[in-house]
1. I'd like the residue in the range 31-68 that is within 11 Å of the chain's Cα centre (by Cα) and part of a loop (DSSP other than H, G, I, E, B) and, out of all such residues, is farthest from PRO15 (Cα to Cα).
2. Looking at the range 32-55, can you tell me whether even one residue there is basic (Lys, Arg) and in contact with a His (Cβ under 6 Å, 6 or more places away or on another chain)?
3. Could you look through the range 58-89, keep only residues that are in contact with a helix residue (DSSP H, G or I) (Cβ under 8 Å, 6 or more places away or on another chain), of a type in the set (D, E, K, R) and surrounded by 13 or more Cβ atoms within 10 Å (Cβ to Cβ), and pick out the one that is nearest to GLN35 (Cα to Cα)?
4. Does any residue of the range 71-80 turn out to be outside any strand (DSSP E or B), free of Cβ contacts under 8 Å to residues at least 40 places away in the same chain, closer than 17 Å to LEU14 by Cα and not aromatic (Phe, Trp, Tyr)?
5. Just to verify a result, which residue in the range 2-29, among those that are in contact with a strand residue (DSSP E or B) (Cβ under 8 Å, 6 or more places away or on another chain) and surrounded by 18 or more Cβ atoms within 10 Å (Cβ to Cβ), is farthest from VAL60 (Cα to Cα)?
Amino acid sequence: MEDSAATVAVAFGLPAVRLQLLRALADSGPATVSQLSRAVGWTRNGITTHLRALEAVGAVRHETARVDGSFRPARLYHLERSRVEELAWMMFDAIADDVVPVGAPMQAVLR
């Protein structure tokens, strides 16, 4: 049984690319769609839907900014760390509340 964080998240329906996008923003800071697509190995079109989904729940936000080497403004994505932590706890609570019997020791949930 593999229980890495990514494997568990995927098992619960979170696409792996969304974790990769969050990790890329956490590691490198704000990034454009082009920079993120290179970081995760997906096309710009391929990650756009995932960025929109992450933005819809507040995990990332974007601003329009001028980027070096480009004449056109680009969307610069930022990680909202506190919101990601809040969402992680919400997922934990949803699983724990629905699956773990009331009164079960919390240690059983964390193993």
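Quick note: the coordinates plus some simple rules give every number you see, no bench work behind them. None of these values were measured; they are calculated from a predicted model. All Cβ positions, glycine included, derive from the backbone under ideal geometry; neighbour counts span all protein chains shown.
1. GLY58
2. Checked against the condition, which is being basic (Lys, Arg) and in contact with a His (Cβ under 6 Å, 6 or more places away or on another chain), the range 32-55 yields no hits at all.
3. Taking the candidates together, the pick is ARG75.
4. no
5. Per the criteria, the residue is ALA24.
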